[in-house]
Amino acid sequence: MATTEAAHALTLNYRIDADDRIIAVNDAWGEFAEANDGGEVVADKVIGRSLWDFVSGEGIAELYWQMIRRARAGHPVEFTYRCDAPEWRRLFRMTVRAHEHGVVEFRSVLEWEEPRPKVQLLDCHQTRDARWTRVCSWCQQVAVADEVWLPVEEAVARLDLLAAETMPQLTHGICPACRDGMMRKLQPA
Ligand SMILES: [Zn+2]
């Protein structure tokens, strides 16, 4: 399937102050959050709150902490991550960069997106059962066993979810490959 180049380079942007409070989000960020069922993170509800209220998932806060520390030490951090919707694959490139007075900017530019058949597991309106499934916050692969992570379409088949009426709940984490990649970027300069 051909990918669609982002026609007008969607850019999502937010900033934190020296105390890690969110002080600004751009309009595109708010529009994107709303369009993607991120209703709880609309702009007026996040300004003034701690970034750490929104960073969850096993091992993720630790990586963000390291990224922010590195950025404030004068070394911007850049990486790509997937931010998919049930019917879209999307790749963003994020740059974490410090400004004056400890302000840190998180800027994400959409590199590409492509449509796909709807993946029920990622639909936030889907009925959930008591099971839990881990999704990597960086590559959006899904853990089907302890050390086995697969693209969501393959994981859904492997976990026998294609015809299931209810889906497991999703919890975010980071897969070993993405963790290794981030740790390399976060090595002391
Ligand atoms: Zn990953």
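Taking the longest Cα principal axis of the chain as reference, the axis of helix 60-72 is set at about 30 degrees.
Proximity of backbone amide H atoms, modeled 1.01 Å from N, is registered between W88 and R116 at under 5 Å, excluding neighbours fewer than 5 places apart on the same chain.
Overall size of region 60-168 from C-alpha positions, given as principal axis extents largest first: 52, 29, 24 Å. What the pair-distance distribution of region 8-116 shows, using all Cα-Cα distances binned every 5 Å from zero, is 2, 12, 19, 25, 23, 13, 5, 1, 0 percent. In the complete set of protein chains, residue-level accessible area for F54 is approximately 70 Å², probe 1.4 angstrom. The largest-to-smallest principal axis extents of the Cα set in region 46-92 are 38, 24, 23 Å.
Looking at the chain, identify the longest residue range that excludes and avoids all GluC sites (Glu not before Pro) in DSSP loops having at most 13 other Cβ atoms within 10 Å. Mind dumping the intermediate values first?
Numbers: sites that count: E58, E87, E147, E165.
The reported range is 88-146.
Counting only protein heavy atoms and using a 1.4 Å probe, the accessible area of I47 comes to about 80 Å².
Overall, the ratio between the Cα radius of gyration of region 120-173 and 2.2 N^0.38 Å, rounded to two decimals, is 1.01. Rolling a 1.4 Å probe over the protein heavy atoms gives region 8-116 an accessible area of 51 Å² per residue. Over every Cα atom in the chain, the radius of gyration and the widest Cα-Cα span, Dmax, amount to 17.0, 53 Å. For the chain, modelled as a GNM whose springs connect Cα atoms under 10 angstrom apart, the maximal fluctuation among A43, A28, A155 occurs at A28.
The values are calculated or read from the model by the stated rules, or taken from the named source; none is laboratory data. These numbers come from a predicted model, not from an experiment. Cβ coordinates were reconstructed from backbone atoms using ideal geometry, including for glycine residues, and neighbour counts include every protein chain displayed. Just the protein is used for accessible areas: all its heavy atoms, side chains included, with ligands, DNA and RNA removed. Shrake-Rupley method; radii C 1.70, N 1.55, O 1.52, S 1.80 Å.
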